Amino acid sequence: MDRANARYLKLNALDGNCLPGPRPAREYLLYVHVPFCERLCPYCSFNRFPFDEGRATAYFRRLREEMRIVAEAGFPCTSMYVGGGTPTIMIDELVSTIDLGKELFEIREVSSETNPNHLIPEIIEPLAERVDRFSVGVQSFDNGLLKQMDRYDKYGSAEVILERLQSIEGAFHSLNVDMIFNFPSQTEEMLLHDIEMLKASNTNQTTFYPLMASPAVRDSLRSTVGKVDYRREATYFQLIIEKLSDTFSATSAWTFERTGGGMIDEYIVDYEDYVGIGSGAFSFLDGTLFVNTFSLAEYDALVGGGKCATVRQRASSKHDRMRYRFLMSLFGLSLDKVAFKRDFGVDVEHGLPLEIAFMRSADAFETDDATQLTLTLKGRYLLVAMMRQFFVGVNNLRDQAREALSHDERELLFGEGASECAERAAEFPLAAVGAEAEAAQEVPLAK
């Protein structure tokens with residue numbers, strides 16, 4: 001995966017003035033990016049800036065203008081996903097943005113992310129009638145880990161977060177809780193406690209991500225988060241599956257659902273093509289990745305001038321697209337062989353012989369017949385590990401995009417805000433959180 005990322009995830013200047021038009025009879029997801037947080041955390045690799053009301057208000061206005069540009073281009077978007085940053089940071093602006101999306105497109109489902117401190121009536125009530133899937137970035141119910149991540153003071157203790165989650169039970173069709181596993185200082189007992197607290201929250205969906213991050217922040221965070229031990233990652237993943245099995249069933253390699261009818265956490269499984277709006281948003285259309293400017297100033301100028309915010313791209317070969325379909329389909333727990341041959345004109349065995357040979361030799365397939373592939377428990381873990389490295393590669397791509405930021409915008413990201421977080425995290429050293437602080441790099445990719 002690392003070698004593939006090095007080849008595939010390199011950006012080039014945009015070839016043309018805008019995105020290509022939509023394909024006939026194809027449905028698209030609309031991804032909406034809100035890059036503002038009340039306080040920046042150094043482990044986050046998404047495009048995000050410190051919250052300023054004036055800056056954010058102007059941004060939301062441009063965001064809706066760009067949404068109109070996408071609608072005028074004729075994209076039939078049927079699903080909307082609002083990510084960040086913190087999408088709920090200005091609730092009135094978010095409501096106006098969702099309402100415009102439903103006015104411009106035939107949106108059937110809306111997803112939005114949030115943080116635990118926003119699980120309050122003034123935010124939940126207007127969203128309950130507009131949002132179908134609500135995803136809360138909890139990461140852990142261990143107070144020591146929350147302090148280590150600088151989340152305890154910002155978002156509340158584990159007990160407060162649990163109470164808030166229980167208070168909004170039934171408000172949304174799907175309530176997802178994002179969790180992280182394999183922290184350097186996390187013990188099996190701490191992970192088991194996380195799982196029990198999760199069950200007590202009454203959420204109907206959860207996503208357990210393995211620890212991951214861009215190498216660009218590895219050195220600066222080594223002293224606060226420590227080194228991750230990949231040797232125990234599979235053991236922890238198996239423990240999660242075992243302890244969730246009496247309550248949840250798997251809907252992707254790392255997403256679990258309590259009841260039927262939920263919406264899968266990762267939209268890239270259901271939508272191979274999507275259009276992204278907002279500073280730092282990605283679009284994936286006909287095998288080409290398009291990246292919007294990460295600069296707020298450039299975003300304002302481009303959209304204010306009636307132009308697309310896309311500034312870079314990366315085209316994929318047919319073989320690249322086959323590998324992407326293989327990875328994303330199996331991440332969603334099954335690959336449709338018939339659809340693969342219909343779309344690429346070749347059987348998956350002939351199109352990807354090395355990938356198939358590897359997975360078969362690793363006993364990764366539970367079902368391997370003429371029509372589909374499904375995964376064994378070992379196969380599911382292999383997909384978790386591959387997706388971890390895939391997203392690390394995507395984080396590297398974001399670092400490429402950030403290279404074009406002005407000095408002032410880089411100061412917003414890596415100046416005082418980052419220093420505050422580093423100083424705060426240093427107050428809670430690894431030794432105070434657990435005895436297993438060992439092994440190799442990363443930090444959580446928080447939503």
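Name the single residue that is surrounded by the fewest Cβ atoms within 10 Å (Cβ to Cβ) among those in region 29-82 being among the β-branched types (Val, Ile, Thr) and more than 18 Å from Phe294 (Cα to Cα).
Per the stated criteria, the residue is Thr78.
Take the conditions closer than 14 Å to Phe248 by Cα, over 17 Å from the mean Cα position of the chain (by Cα) and either without any contact (Cβ under 8 Å) to a residue 12 or more places away in the chain or surrounded by 21 or more Cβ atoms within 10 Å (Cβ to Cβ) (or both) and apply them to Asn182. Does it pass?
no
Which of the strands (runs of 3 or more DSSP E) found entirely inside region 275-391 contain at least 1 residues meeting this: under 30 Å from Ile69 (Cβ atoms) and in contact with an Asp or Glu (Cβ under 6 Å, 6 or more places away or on another chain)?
Of the strands (runs of 3 or more DSSP E) lying wholly inside region 275-391, those with at least 1 residues that are under 30 Å from Ile69 (Cβ atoms) and in contact with an Asp or Glu (Cβ under 6 Å, 6 or more places away or on another chain) span 282-285.
Given the condition under 18 Å from Thr206 (Cα atoms), modelled with pLDDT of 95 or more and either of a type outside the set (A, V, I, L, M, F, W, C) or not in a loop (DSSP other than H, G, I, E, B) (or both), answer yes or no: does some residue in region 102-110 qualify?
Looking for residues that are under 18 Å from Thr206 (Cα atoms), modelled with pLDDT of 95 or more and either of a type outside the set (A, V, I, L, M, F, W, C) or not in a loop (DSSP other than H, G, I, E, B) (or both), one finds at least one in region 102-110, hence yes.
For residues that are more than 12 Å from Gly83 (Cα to Cα) and either touching a His at 6+ places or on another chain (Cβ under 9 Å) or modelled with pLDDT under 85 (or both), tally how many sit in region 23-48.
Of the residues in that region, 8 qualify.
Could you please let me know if Asp150 is out of contact with any strand residue (DSSP E or B) (no Cβ under 7 Å at 6 or more places or on another chain) and closer than 25 Å to Tyr59 by Cβ?
Judged against the criteria, Asp150 is a match.
Taking only pairs six or more apart or across chains, which ones have beta-carbon atoms under 7 Å, a first residue in region 234-252 that is at pLDDT below 95, and a second residue that is assigned to a helix (DSSP H, G or I) and β-branched (Val, Ile, Thr)?
Ser252/Val269
Suppose we filter region 20-59 for residues that are aromatic (Phe, Trp, Tyr) and part of a strand (DSSP E or B); how many remain?
4
Residues that are at pLDDT 90 or above and in a loop (DSSP other than H, G, I, E, B): does region 7-19 have at least one?
no
Which condition from (1) closer than 28 Å to Glu233 by Cα; (2) modelled with pLDDT of 80 or more; (3) surrounded by fewer than 15 Cβ atoms within 10 Å (Cβ to Cβ) is the one that Val346 breaks?
If we test Val346 against (1) closer than 28 Å to Glu233 by Cα; (2) modelled with pLDDT of 80 or more; (3) surrounded by fewer than 15 Cβ atoms within 10 Å (Cβ to Cβ), just (1) comes out false.
Filter region 18-52 down to residues that are of a type outside the set (A, V, I, L, M) and under 17 Å from Asn117 (Cβ atoms), then give me how many there are.
Going through region 18-52 one residue at a time, the tally reaches 9.
Against the conditions (1) surrounded by fewer than 17 Cβ atoms within 10 Å (Cβ to Cβ); (2) in contact with a helix residue (DSSP H, G or I) (Cβ under 9 Å, 6 or more places away or on another chain); (3) assigned to a loop (DSSP other than H, G, I, E, B), where does Ser96 fall short? Just the number, please.
Going through (1) surrounded by fewer than 17 Cβ atoms within 10 Å (Cβ to Cβ); (2) in contact with a helix residue (DSSP H, G or I) (Cβ under 9 Å, 6 or more places away or on another chain); (3) assigned to a loop (DSSP other than H, G, I, E, B) one by one, Ser96 breaks only (3).
Quick one: how many residues across region 290-310 are of a type in the set (A, V, I, L, M) and surrounded by fewer than 20 Cβ atoms within 10 Å (Cβ to Cβ)?
2
The values are calculated or read from the model by the stated rules, or taken from the named source; none is laboratory data. Bear in mind the structure is a predicted one, so any value in this text is a computation, not a measurement. Using ideal geometry, Cβ is built from the backbone for each residue, glycine included, and neighbour counts are taken over all protein chains shown.
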